[in-house]
Amino acid sequence: MTATIHSIWLMPVAPDEALLAGIVTELSVRFGTPVFAPHLTVLGDSETAAERLRQAIQAAAGQVTAFAEDVRAVETSESYFRSFYARFAVAPSLARLKQALDPQGLDSFMPHVSLLYGAVEAAAKAAAAREIGERLAGRSLRFDRLCVVTSGQHIPIADWRVAAAAPLAGA
């Protein structure tokens, strides 16, 4: 039997989530790529039991208040799950959450919210990244909760589901 894979996502507040979901949908229609819930992955593809992860997000969420972070840039890469994304600095609140939930990954942590998954022709993707970058320039996104999500690289995106959620302190 294969273990169920889970991730821990940091989620934006409803208005910012709606903004980002609109961009994901817009890019999906434009490029024929999958639609997914915009999120910032704190821990990806873990075989840790969902209940243990639920306890971990409850504890971590109680130590960090809801916060906003500036979008530093909109960037692209060749990675399927990081094809096109809004990047953030490793600010204190993000570092604290990463340290609590995935301390081994802190050194390589690159906080981002993906906006497009999949392979897209480079010039078209770069043009879209410039457009979206202009729309997100100077914008802060507010984050207010952690979620345990049944998701992973080998689970179809349409099957990703939130298994547990914990509001950040003060949210």
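So which residues in region 10-48 are among the small types (Gly, Ala, Ser) and surrounded by 13 or more Cβ atoms within 10 Å (Cβ to Cβ)?
Answer for region 10-48, where residues must be among the small types (Gly, Ala, Ser) and surrounded by 13 or more Cβ atoms within 10 Å (Cβ to Cβ): ALA21, SER28, ALA37, GLY44, SER46.
Return the residues of region 1-50 that are hydroxyl-bearing (Ser, Thr, Tyr) and more than 20 Å from ALA89 (Cα to Cα); say none if nothing qualifies.
THR2, THR4, SER7, THR25, SER28, THR33, SER46, THR48
Where the second residue is of a type outside the set (A, V, I, L, M, F, W, C) and part of a loop (DSSP other than H, G, I, E, B) and the first is closer than 18 Å to MET11 by Cβ and free of Cβ contacts under 8 Å to residues at least 60 places away in the same chain and lies in region 105-133, which pairs have Cβ atoms under 9 Å and are six or more apart or on separate chains?
Partner pairs satisfying both residue conditions: PHE109/ASP102.
Would you mind finding the one in ALA158, ALA126 that is exposed (fewer than 14 other Cβ atoms within 10 Å of the Cβ) and either acidic (Asp, Glu) or farther than 24 Å from ILE57 by Cα (or both)?
Result: ALA126 is the single residue among ALA158, ALA126 that is exposed (fewer than 14 other Cβ atoms within 10 Å of the Cβ) and either acidic (Asp, Glu) or farther than 24 Å from ILE57 by Cα (or both).
For region 55-67, check the following and say yes or no: at least one residue is within 13 Å of the chain's Cα centre (by Cα) and either more than 20 Å from GLY138 (Cβ to Cβ) or surrounded by fewer than 21 Cβ atoms within 10 Å (Cβ to Cβ) (or both).
Checked against the condition, which is being within 13 Å of the chain's Cα centre (by Cα) and either more than 20 Å from GLY138 (Cβ to Cβ) or surrounded by fewer than 21 Cβ atoms within 10 Å (Cβ to Cβ) (or both), region 55-67 yields no hits at all.
Please name all residue pairs, on different chains or six or more residues apart, with Cβ atoms under 7 Å, provided the first residue is in region 4-24 and is in contact (Cβ under 8 Å) with a residue 12 or more places away in the chain and the second residue is in a loop (DSSP other than H, G, I, E, B) and of a type in the set (Asp, Glu).
So the pair list comes out as ILE5/GLU47.
Specify which of the listed residues (ARG139, ARG87, ARG96) is open to solvent by 30 Å² or more (accessible area, probe 1.4 Å), closer than 15 Å to GLU69 by Cβ and touching a Lys or Arg at 6+ places or on another chain (Cβ under 6 Å).
ARG87
Table: residues versus (1) closer than 17 Å to LEU40 by Cβ; (2) of a type in the set (Asp, Glu); (3) part of a helix (DSSP H, G or I); (4) at pLDDT below 95.
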residue	(1), (2), (3), (4)
PHE109	yes, no, no, no
LEU115	yes, no, no, no
ALA119	no, no, no, yes
ILE132	yes, no, yes, no
PHE143	yes, no, no, no
VAL148	yes, no, no, no
HIS154	no, no, no, yes
ALA158	no, no, yes, yes
ALA165	yes, no, no, no
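Report every pair of residues separated by at least 6 positions or lying on different chains whose Cβ atoms are under 6 Å apart, first residue within region 53-65 and on the phi < 0 side of the Ramachandran plot and in contact (Cβ under 8 Å) with a residue 24 or more places away in the chain, second open to solvent by 80 Å² or more (accessible area, probe 1.4 Å) and small (Gly, Ala, Ser).
Going by the 6 Å Cβ cut-off, the qualifying pairs are THR65/GLY170.
Have a look at ARG87, ARG72, ARG52 and point out the one that is in contact with an Asp or Glu (Cβ under 8 Å, 6 or more places away or on another chain) and among the basic types (Lys, Arg).
Only one candidate passes the filter, namely ARG87.
The values are calculated or read from the model by the stated rules, or taken from the named source; none is laboratory data. Only a predicted model underlies this, so the values are computations on that prediction, with no experimental measurement involved. Positions of Cβ are generated from backbone atoms using ideal geometry, with glycine treated the same way; all protein chains shown enter the neighbour counts. The accessibility values were calculated without ligands, DNA or RNA, using every heavy atom of the protein model including side chains. Shrake-Rupley method; radii C 1.70, N 1.55, O 1.52, S 1.80 Å.
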